[in-house]
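The values are calculated or read from the model by the stated rules, or taken from the named source; none is laboratory data. None of the values given here were measured: they were computed from a predicted structure. Cβ placement follows ideal geometry from the backbone for every residue including glycine, while neighbour counts extend to all protein chains displayed. Protein only, heavy atoms only, side chains kept; ligands, DNA and RNA dropped before computing areas. Shrake-Rupley method; radii C 1.70, N 1.55, O 1.52, S 1.80 Å.
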Amino acid sequence: MKVRKLMAEARLDAIFVPPNTGLWDHFQANVRYLTGIGGNCSQAACVFPLTGEVTAITSPDVHKDFWLQRQDWVTDIRPIDTGWGYTQMSIDRLRELGLDRARIGVTGLAGNTRFPEGITPAGILDGLVRALPAAEIVDANLLMERARFVKSTEELAFLRKAEELVEASVDVLLREARPGVPENVVYARMLADMVERGGEVPTMILWSAGWPQPPSAQYMPSLRPLRSGDLISVEAEARWAGYVAQNTQPVFLGRAPDIYRELFHRQQEAIERCYEALRPGATVGGISDIVAALSDERFWCSLIMHGRGLGDDAPINIHKPRDATMRDWRIEANATFIVKPMIQTHDGAQRLYWGDTVVVGENGAERLGKRAAELIEIS
């Protein structure tokens, strides 16, 4: 098994994954990957030994029989009591396994893709260290990110299904967005469509609407009625069995100003160069440099690209690599990304990006989506 091979190489006797449902449930990705348990911010932890049975530690308000109906990977499912503490049951399981003096990897201590300071509560880590003073506690975050990086055939099938859902939600946006319709109504119907099709919540829809172009996206829409001339830009995600696909789409209510047509043309050139370069052996930093080279006296071009999967997926490049680990990260076949280069004027007043989830092949990236890449104008 992939994870246990990496554990053996790192000399880990067990991995402990604490619960954290932050960032639209993205921080539960390692628990979901190792156990199949989760969804809709359902808290769970996991003790994953190098040898022996895997244990899922779940919230007290969901009966274990429910989880056994949802998956059959893990049968040792232990709901905590109504005190809502996950640490003691995790310690008890580690002791059962005879790992009091073991080398234990804990995820989320540092280096997370979206939270490099770490996402593991200090109280959980402190309780673990106090209860197992002879154990060696090490950060297993990067190990799990690398384990989840390359997708199996089954994972790719889940991502393709998630892509179907997110593209359908963009179709809802195009159907519902009209002058006079409140932003939140359009947003709600996009989200409802995903749920009706079997998608999970929570899921991200970053939303931006207005004219002049708003300075950034928002995490929630306003109650403001849409107006003729508005630019709507969304980063929409859909989840299928936990797996996340994303589509980024700009839409004008009316005719787009000419400069946005130029921005879109340059953005599509950047997309094509990224797709061509996304081959096994390439580095994230190298692809970032390809996009940056398209900058000139009129436009600043930068790469936004990060992994897609169960959530908080490495590697990440937001305008530039975060650090040497991300810059030098080598691309592998069957890795999946959202690729959405941003093109903007040097003052940042006009910006545009479009993007889709892709899978890496030997000859470059293949889109999972089927919608045409276009700057949409709703007349």
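Observations
- Label-point separation, residue 51 to residue 92 (7 Å along Cα→Cβ), nm: 2.6 nm
- Cross-link pairs beyond the 18 Å C-alpha cut-off, checked among 161/340; 320/340; 5/161: 161/340; 5/161
- Shape category assigned to the stretch 229-273 from the gyration tensor of Cα positions, a/c cut at 1.5: oblate
- Packing rank of 50-58, 308-316, where each peptide gets the mean count of other beta carbons within 10 Å, highest leading: 308-316, 50-58
- Carbon and sulfur %, accessible surface of the stretch 267-321 computed with the full protein complex present, 1.4 Å: 53 percent
- For the stretch 291-341, fraction of C-alpha pairs farther apart than 15 Å, in %: 51 percent
- The stretch 1-120: C-alpha gyration tensor shape, a/c 1.5 cut-off, then a/b vs b/c: rounded
- For the stretch 198-349, the solvent-accessible area with a 1.4 angstrom probe is 37 square angstrom per residue.
- Within the listed set 264, 27, 66, the residue fluctuating most in the Gaussian network model of the chain (springs between alpha-carbon atoms under 10 angstrom) is 66.
- Cα gyration tensor shape for the stretch 270-379, rounded if a/c is under 1.5, else prolate or oblate: oblate
- Only protein heavy atoms count here; on that basis, with a 1.4 Å probe, residue 240 has an accessible area of about 70 Å².
- Using the Cβ-Cβ distance between residue 171 and residue 65 with R0 set to 35 Å, the FRET efficiency from 1/(1 + (r/R0)^6) comes to roughly 0.40.
- With all protein chains modelled, accessible area of residue 208 [1.4 Å, Å²]: 10 Å²
- Rel. contact order, % - alpha carbon contacts under 8 angstrom, at least six apart, the chain: 14 percent
- Sequence of 151, 161 from largest to smallest accessible area, 1.4 Å probe: 161, 151
- Nearest-0.05 FRET efficiency for residue 211 and residue 262, computed from C-beta distance (R0 25 Å): 0.90
- Averaging the sequence gap over all C-alpha pairs within less than 8 Å and six or more residues apart, then dividing by the number of residues, gives the stretch 262-303 a relative contact order of 32 percent.
- Choice from 336, 345, 35 showing the highest fluctuation, given a GNM over the chain with Cα pairs closer than 10 Å: 345
- The amide H of residue 211, built 1.01 Å from its N in the peptide plane, has 231 as neighbours under 5 Å, considering only residues 5 or more places off or on other chains.
- Helix 183-196 axis, angle to the chain major axis (alpha carbon atoms, nearest 10°): 50 degrees
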